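J.: Mind having a look at this structure? Questions to follow.
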Amino acid sequence: MTQTHFTHIRWQLTLLVVLGLMMLSLAATASVQQQRQLFGKLYSQALAGNTQQVQQDRSALKGYALSHYLDYALLRSQMNQLPEQGVADFKKQHPDSPLNRKLKSHLLNAMGQQSAWTAYLRHHHGLDSGKKQCWYLRARIETGQTSGLGPLIQHMWLNGLSAPDACDDVFNWWHKQGQLTTEMVIKRIKLAFESHNASLIHHLKTRLKSTPVWVKQAIELIEQPEQALRQSVNWAPNPELPWMIHKSSQWLAKKQPATLHKFWDQIKTAHQLNTTQVLQVERTMALFAATDYEPFSIDAMKQLPDDLRDDQIKAWMVRYHLYHEDWPAVLDALLHMPKRQLDQARWQYWLGRAQAKTGQVNTAKNTFSKLSRQTNYYGFLAADHMRLPYQLCQQSIPVNNPNYTPSPGIVRAIELHHVGLLSMARSEWNLAYRGLGKADKQALAHVVTQEGWYAKSIAIMADLGAWDNYQLRYPIAHETLIKQHANGTAPLPQWVMAIIKQESAWTKDAVSHANAHGLMQLLPSTAKQLGQQLGIQIQQNNQLHQPPLNIQLGVQYQKNLFKQFNHPLLVAAAYNAGERKSKDWSLDFPHAPDIWLETIPYRETRGYITKILSNVTIYDWLIHAQPKRMSYWMPTLPINQSNSRAWPNPVISQQKAPIQCAP
């Protein structure tokens, strides 16, 4: 038998082994998928209290990492029966589970709602906030344990925000004990004024035998600040008036600085505000007037004392001059910044621009050349001006722990992520991730990427400071789906991924303070409108946590915005700050895209758009190896309906950027 024949046989045997392993892997995967599906069904049934069905079918989940979550769900379904022993048994069996805290919270809620006060005291530690703390205080009252309650109730009472309804009985008891004095009511009215809570003041004044004039004035200053402040010059002096006028002037200075500026001299004179109060209002008024580019704001900022002309004021002095494209004034304002501020990439960029515009060409080239070595929005822009390469170094993380096996907590977290119990997944993750060494974290980053939990690989890279591992920091995920919905038109896939990276960092169930949901952070109202456009019915907000649906709706929204604004920067501004603001910033603003972006009044939107532009450049590089220059996404703005054109010129904006990785 020839050597060739032996080689052929060995090759066949190797192939059979590989195929066998692949089949085993596929079978295991199928088994895991089946367990996940079964778990999802049984979990829903357990929450519904179908104990018999759950116990009958759960044998197929033997050895599955999340089996005990069914016990948790069954206990949840029995909360109205106050299953104290069941909760205790669960904790004994799973002492380190994050579910114990959830079960305790659910149990306390059920006990409070049922007024099971003796039982409540067995489980509450006595230090809490909101409804649960008031239930604790109520439990103490109802069980006769009232010694020392006064200070605890007073602490709950003295708050400028409205208290939960659960506190009413506690406060009423306290009142009957004679501890809710007029002095206490006055203190809370002042706190409510500080919190701008007029409705609470209306409620509190009913507890007073007679309402002091200043309380009525406080309500007027909150509900009609401009009108009340104008009238206040005729109010008779009282001890509470100066601090209320100071606070109200601060509020109006933020909302309507130009309006306050018209009668501010009368206000500060009439009420004899002290120097500190006057300067605080004048700084606030100058700053917020600058964000509206009010003509008086630049002199107002210059007239502030040195200690009040802080970094924020100095930044807005630069922006004011940029807005008017007064380059000598821009340069002068920059040179009056402290070195630590001027050394920031943002201001180094504008220093280079101002130097170039004032004829210092060689100095500008030197400034831009140094800045171009940075991997950020300003570094990319500086490189575009100089036609230099982009500094992009891809450094993958080595797996120094090839035998790494995720801990049971990490396994549970990954499984919870797969079955859609995302908040629980994070709870398990947070417990299990603590204490991991660097090598384990490096190995884990690759594991979660393979499992499609991209938000965690991004978080691990941040934790490790691995800023040059772009493949893990900028996952190319759901690419087929994104291309399918983008369909070769704006938005391009790299733009969509840049939006997702900035909006949610690839967190499927992200919910913002404004109630935006999912990967592309859609408001439920916007999602429903988009659903109607696409013939999709959106019934629950958590539907937006499903990536396929969220991406479909989000891409459609981007298409609508591109059709409406026909400019990437206006689209990004509309996505972040709203369509009305994007339209506002299309009127009487600078045409140059870098100046336009820098002079946007909203700090969040400025930062958002710069991140989108750097993100889209990096994604363009990861997908196509050589990215379009960032200027491609930055034509001049169609201000006052003017025509856009390539910026800084047609040659640069149509180039692809060379990449270098300098040490």
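J.: Output the direction-averaged projected area (hull surface divided by four) of the convex hull of the alpha-carbon atoms of region 461-589, in nm². Write out the running numbers ahead of the final one.
T.: Values: hull surface 35.7 nm².
One quarter of the hull surface, i.e. the mean projection, equals 8.9 nm².
J.: If you average 1/r over every pair of different alpha-carbon atoms in region 91-248 and take one over that average, what Kirkwood value in Å do you get?
T.: Values: mean 1/r = 0.0556 Å⁻¹.
Across region 91-248, the inverse of the average 1/r is 18.0 Å.
J.: First measure r as the distance between the Cβ atoms of I623 and A236, then evaluate 1/(1 + (r/R0)^6) with R0 = 51 Å and state the FRET efficiency to the nearest 0.05.
T.: Working: r = 71 Å, r/R0 = 1.38.
That gives a FRET efficiency of 0.10.
J.: Checking the cross-link filter: which aspartates and glutamates have an alpha carbon closer than 16 Å to that of K254, excluding same-chain neighbours under 8 positions apart?
T.: E194, E223, E226, E282, D292, E294
J.: Oh, and also: Convex hull volume of the Cα atoms in region 408-467, per residue, in Å³?
T.: On the way: hull volume 4.3 nm³, N = 60.
Output value, Cα hull per residue: 72 Å³.
J.: For the pair R373 and K302, what calculated FRET efficiency results from E = 1/(1 + (r/R0)^6), where r is the Cβ-Cβ distance and R0 = 22 Å, to the nearest 0.05?
T.: Numbers: r = 35 Å, r/R0 = 1.57.
That gives a FRET efficiency of 0.05.
J.: For Cα pairs less than 8 Å apart in space and 6+ apart in sequence, what is the mean separation divided by the residue count of the chain, i.e. the relative contact order in percent? Walk me through the intermediate numbers first.
T.: Values: 765 pairs, mean separation 50.3, N = 663.
Across the chain, relative contact order equals 8 percent.
J.: Over what distance in Å are the Cα centres of region 473-525 and region 136-153 separated?
T.: Their Cα centres are 50 Å away from one another.
J.: Assuming a ≥ b ≥ c are the square roots of the Cα gyration tensor eigenvalues, decide whether the chain counts as rounded (a/c under 1.5), prolate (otherwise, with a/b larger than b/c) or oblate. Each step should come with its number before you reach the end.
T.: Working: a/c = 2.30, a/b = 1.07, b/c = 2.16.
Oblate.
J.: Given the -39500 (n - 2.57) contribution per DSSP H run of 4+ residues, what per-residue ellipticity at 222 nm results for the chain, rounded to the nearest 500 deg cm²/dmol?
T.: Values: 37 runs with 428 residues, N = 663.
Value at 222 nm, helices only: -20000 deg cm²/dmol.
J.: Considering amide H positions built from the backbone, and no H for Pro or chain starts, which residues 5 or more places from Y390, or on another chain, come under 5 Å of its amide H?
T.: The list, which skips near neighbours in sequence, is I659, Q660.
J.: Another question about this same structure. What is region 94-172 by shape, rounded, prolate or oblate, if you read a ≥ b ≥ c off the alpha carbon gyration tensor as root eigenvalues and call it rounded for a/c under 1.5, prolate for a/b larger than b/c, and oblate otherwise?
T.: Values: a/c = 2.00, a/b = 1.58, b/c = 1.26.
In terms of gyration-tensor shape, prolate.
J.: Further question: I'd like the chymotrypsin sites (Phe, Trp or Tyr not before Pro) in region 438-520 restricted to DSSP loop residues with at most 13 other Cβ atoms within 10 Å, sorted by number. Walk me through the numbers before you get to the answer.
T.: Numbers: sites: W453, Y454, W467, Y470, W495, W506; in loops: W453, W467, W506.
When the chymotrypsin sites (Phe, Trp or Tyr not before Pro) of region 438-520 are filtered for loop state and at most 13 Cβ neighbours within 10 Å, W467 remain.
J.: Quote to one decimal, in nm, the extra length available between Q53 and L481 on full extension: 0.36 nm per residue of separation minus the C-alpha distance between them.
T.: Here the answer is 150.4 nm.
J.: If I model a spin label as a point 7 Å beyond the Cα along the Cα-Cβ vector, how far apart are those points for N366 and E451 in nm?
T.: 5.4 nm
J.: Going by Cα centres, region 598-661 and region 236-300 are how many Å apart?
T.: 39 Å
J.: If I model a spin label at Q177 and S195 as a point 7 Å from the Cα along the Cα→Cβ vector, what separation in nanometres do I get?
T.: 2.1 nm
J.: Let me ask something additional. As an exercise, identify the trypsin sites (Lys or Arg not before Pro) in region 55-144 lying in DSSP coil whose Cβ has no more than 15 other Cβ atoms within 10 Å.
T.: Working: sites: R58, K62, R76, K91, K92, R101, K102, K104, R122, K131, K132, R138, R140; in loops: K62.
Passing sites in region 55-144 are K62.
J.: Between K262 and Q564, with labels modelled 7 Å along Cα→Cβ, what's the label distance in nm to one decimal, could you check?
T.: It is 3.2 nm.
J.: What's the longest uninterrupted piece of the chain once you rule out the GluC sites (Glu not before Pro) that are loop residues per DSSP with at most 16 other Cβ within 10 Å?
T.: Values: sites that count: E325, E451.
In the chain, the maximal stretch lacking such sites is 1-324.
J.: Report the gain in length on full extension from R603 to K209: 0.36 nm times residue separation, minus Cα-Cα distance, nm rounded to one decimal. Could you put the intermediate results ahead of the total?
T.: Values: separation 394, 0.36 × 394 = 141.84 nm, distance 4.72 nm.
Separation in residues times 0.36 nm, less the Cα-Cα distance, equals 137.1 nm.
FYI, it's all coordinate maths here, none of it is from the lab. All values derive from a computational prediction rather than experimental measurement. Heads up, the Cβs are rebuilt from the backbone with ideal geometry, glycines too, and the neighbour counts pull from every protein chain shown.
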